[in-house]
Amino acid sequence: QVRLAESGGGLVQPGGSLRLSCVASGGASSSYAMGWFRQRPGQEREFVAAIRRPNGATFYKDSLKGRFTVSRDSAWNTVYLQMNSLIPEDTAVYYCARILNPIVSTIRAADRYAYWGQGTQVTVSS
């Protein structure tokens, strides 16, 4: 069974940075993407970023590209979301998730992801 666990959230001031981590265990496939999603109060879950195994291709929500960066360790045990220049609108619960055998047309779709972590709260406030 695939288990995902996020960490690294917290309270930061506008303009600050955070790096979220997602530790993955279990699973037998080497063809998947690890995605980051967020859910703001009163809103539906939205795509943030993803990275594709095995080729390492990255994908971003257009409005976040340049501020957020997704990466992974060499063994694909941990994926990261580096968040810079944070603004209050980034406040949300951030989730990591895994989609098996993704294609470009599905990699941004939350309902295609099979496995999810419990989420970590990010609050950006002065």
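Here, each number is a calculation from the coordinates, and none is a lab measurement. Predicted, not measured: the structure shown is a model, and the values here were computed from it. Neighbour counts run over all protein chains shown; Cβ positions are idealised from the backbone, glycine included.
Numbers below:
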| quantity | calculated |
| --- | --- |
| Only Lys, Arg (+1) and Asp, Glu (-1) charged, at Cβ; the chain dipole about Cα centre in debye | 260 |
| Gained length - Ile87 relative to Asp111, 0.36 nm times residue gap less alpha-carbon distance | 6.0 nm |
| The range 52-108: relative contact order as a whole-number percent, Cα under 8 Å and 6+ apart | 20 |
| Mean separation of Cα contacts under 8 Å (6+ apart) over length of the chain, as relative contact order % | 36 |
| Residues in the range 106-126 reached by a label modelled at Leu11 [backbone nitrogen below 20 Å; 7 Å Cα→Cβ] | 120-126 |
| The range 72-126: C-alpha gyration tensor shape, a/c 1.5 cut-off, then a/b vs b/c | prolate |
| Computed Rg/Rh of the range 1-102, alpha carbon atoms with Kirkwood Rh | 0.96 |
| Net +/- balance of residues flanking Met34 in space, Cβ distance below 10 Å, scoring K and R +1, D and E -1 | +4 |
